[in-house]
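Read the structure below first, then the notes.
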Amino acid sequence: AAYTEYAEVIDASGQKSLCRFIPNGRYIGLYTDKTMINRKDVAIDFTYLDTEGDLTFQYNSVIPDGKSDGIEYALKEINCGKMTNTRTWKTLSIKLDDAQFRESLLMSGSDFCLMTTNGRGFYVKKVEIVGADLYD
């Protein structure tokens, strides 16, 4: 994960967990194997510490055929709801059918961002990208 900081947090049960702190509005860059490059249908699972603020997911999407704005992708947003400040670990699953993966020399990358309205950022324990057909 890019643009993150290592952190230790204590949840509502008093358990200490190692995680990443994601400053608000920073993108998380993940790498996956080459089989994902031609996929547009993926699911992303976030395990995050439920604090406060509204969650918004941003991602790079494929530009539809026949349309061009000079770049290979377009930015989209999904409203994911409000956190309830339970300080427990929760999982947010997001399914996409128009994800844009970018090819690199060794692996592919997909930039996306989970943001909060409180402006402080949030804690993430796990992020996983999988084929959306595994969820069906």
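For residue 25, list long-range residues whose amide hydrogen, built 1.01 Å from N in the peptide plane, is under 5 Å from its own amide hydrogen.
When sequence neighbours closer than 5 places are left aside, the close amide H contacts are 116.
Enter the accessible area of residue 80 (Å², nearest 10), with the probe set to 1.4 Å and all protein chains included.
Counting only protein heavy atoms, the figure is 40 Å².
Ignoring ligands, DNA and RNA, how do 11, 41 rank by accessible area with a 1.4 Å probe, largest first?
Values: 11 20, 41 60 Å².
I get 41, 11, largest accessible area first.
The values are calculated or read from the model by the stated rules, or taken from the named source; none is laboratory data. Being a predicted model, the structure only gives us computed values, none of them experimental. Side chains are part of the model used for accessible areas, which takes the heavy atoms of the whole protein and leaves out ligands, DNA and RNA. Shrake-Rupley method; radii C 1.70, N 1.55, O 1.52, S 1.80 Å.
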